[in-house]
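Colleague: Quick one: this structure, given as structure tokens, is what I'll be asking you about.
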Amino acid sequence: MKLAIISLPILVFCVGTLAQGPDTEQEIPFQNKDKEACVMQTSGQGEIRLKIECKSGDDTYSCEFTGKPSYCRAYNKDRSAFWNQLSQDLKKMSKPCSAPLIKNSLCPRAPSQSQFKPADPSQPSDTKKPAPTKSKEEDEENPKAMKVAKEHCSWFFQKFCSYMVEIFMN
């Protein structure tokens, strides 16, 4: 029994380390068609959140889109090239936040899930949105355990690793 208790965290660590994928967080500055200074930020795993903030003089606006770019082969092949091309595509738009859909030109035939749709279709806004509140599930997680899990486990196994680390911490 003791061997199983000791070997489980080692197994989780090894599997998690082997399965780690590249980081999806990117921050890419660009200038849109109207010569506004913009920044594209990405975050998340699986369903990616794309936040766009643009500034023109004293006016600032931002918006968020969501999509699953993993449905696009180009994203799976080279994520850096995928995000750089998306910023090039955004440069050609006047007001990126008013777009009903953002497609990457590297993925012309990808399924619709790979396209970025407004996170809140009713609000391409001219002001910054308040920070999202934490969900109940996020509040219940042990932050120390989650930190250890993020450092040592694949994103796919982070919840499970966090749970296991929390058990051993208590």
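The values are calculated or read from the model by the stated rules, or taken from the named source; none is laboratory data. This structure is a prediction, so every number in the text was calculated from the model and none was measured. Cβ sites come from the backbone with ideal geometry, for glycine too, and all protein chains shown count toward neighbours. SASA here: full protein model, heavy atoms, side chains in, ligands and nucleic acids out. Shrake-Rupley method; radii C 1.70, N 1.55, O 1.52, S 1.80 Å.
Colleague: Restricting attention to the range 26-79, which residues are assigned to a strand (DSSP E or B) and open to solvent by 70 Å² or more (accessible area, probe 1.4 Å)?
Modeller: E27, P29, Q31, R49, K55, D59
Colleague: Does K91 satisfy being out of contact with any helix residue (DSSP H, G or I) (no Cβ under 6 Å at 6 or more places or on another chain), at pLDDT 90 or above and surrounded by 12 or more Cβ atoms within 10 Å (Cβ to Cβ)?
Modeller: yes
Colleague: Further question on the same structure: For the range 100-114, enumerate the residues that are surrounded by fewer than 19 Cβ atoms within 10 Å (Cβ to Cβ), outside any helix (DSSP H, G or I) and in contact with a strand residue (DSSP E or B) (Cβ under 9 Å, 6 or more places away or on another chain).
Modeller: P100, L101, K103
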